[in-house]
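Note sheet for the following structure.
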Amino acid sequence: MTPPSLPHQASAPDADATPPTAEDRRHVVKRRWITAIIILLLIGVPAGYLAISTQQSRESGRDKAAKVGASEVRPGWPSKVQRSIYEVPIPPKAWRVGFLETNNWRTSRLFTQFAVTPEDLDAFLAAVGTSRAGLKQGEVSISAHDSEVAGWSWSPEATWYGTTVEQPDPRPSRDITVDLTDPAKPKVYVVSTTTP
């Protein structure tokens with residue numbers, strides 16, 4: 001009996017070719033280094049970026065918390081937007097400028113302090129709708145509560161003048177106290193209050 005015939009099988013391609021040689025050591029090391037560098041770039045760079053981003057976010061959060069949690073007037077100028085909203089036109093050449101903004105669901109306040117020349121004091125008072133004639137001698141127009149929040153104290157030896165400039169809502173009302181102990185260098189304290 002004759003064996004069943006098998007389907008015709010094709011011969012292996014390149015059957016006559018020589019088998020491939022093993023990769024030499026130098027190429028293996030080079031390939032592994034390239035693989036390691038690629039892995040480092042794919043994993044290390046994003047991880048480094050994430051670490052830097054996290055640190056920056058933490059620092060930004062601390063800065064914001066410090067601003068929000070501030071409990072006294074601190075040195076610096078309020079932004080132009082704050083000065084506009086609270087209608088506190090600090091003269092451009094003022095010095096010893098400081099501010100604090102507080103907000104709650106009923107009221108928002110901007111506490112500002114600055115020193116000016118006598119001419120700039122007159123210009124400031126005119127810009128807020130009053131004048132030196134509107135200031136009352138011996139009066140501190142800023143409440144005890146607001147003074148405590150701002151960290152201000154009113155020495156009995158100083159020469160104080162004060163006034164309150166009322167405006168209809170939603171425009172701010174401003175309590176203004178001026179220290180004229182040294183008439184050549186008046187110090188101005190303002191609490192501007194808005195009711196949203």
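The values are calculated or read from the model by the stated rules, or taken from the named source; none is laboratory data. Computed from a prediction, not measured in an experiment: that's the story for all the values here. Here Cβ is always computed from backbone atoms with ideal geometry, including for glycine, and neighbour counts include all displayed protein chains. Heavy atoms of the whole protein, side chains included, go into the accessibility calculation; ligands, DNA and RNA do not. Shrake-Rupley method; radii C 1.70, N 1.55, O 1.52, S 1.80 Å.
Laid out as a table, the results:
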quantity: Exposure rank, largest accessible area first [ARG25, ARG106; 1.4 Å]; calculated: ARG25, ARG106
quantity: Mean separation of Cα contacts under 8 Å, 6 or more apart, over the residue count of the range 152-196: relative contact order %; calculated: 34
quantity: Counted charge near ASP179, where neighbours are those whose Cβ lies closer than 13 Å (Asp, Glu -1; Lys, Arg +1); calculated: 0
quantity: Peptide ranges 144-156, 109-121 listed from the most packed, as the mean C-beta count within 10 angstrom indicates; calculated: 109-121, 144-156
quantity: Per-peptide average of other Cβ atoms within 10 Å, ordering 33-42, 78-87 highest first; calculated: 78-87, 33-42
quantity: Sulfur and carbon atoms: percent of accessible area, the range 125-196 [1.4 Å]; calculated: 52
quantity: The range 61-196: Lys pairs at Cα distance under 27 angstrom, eight or more positions apart or on different chains; calculated: 12
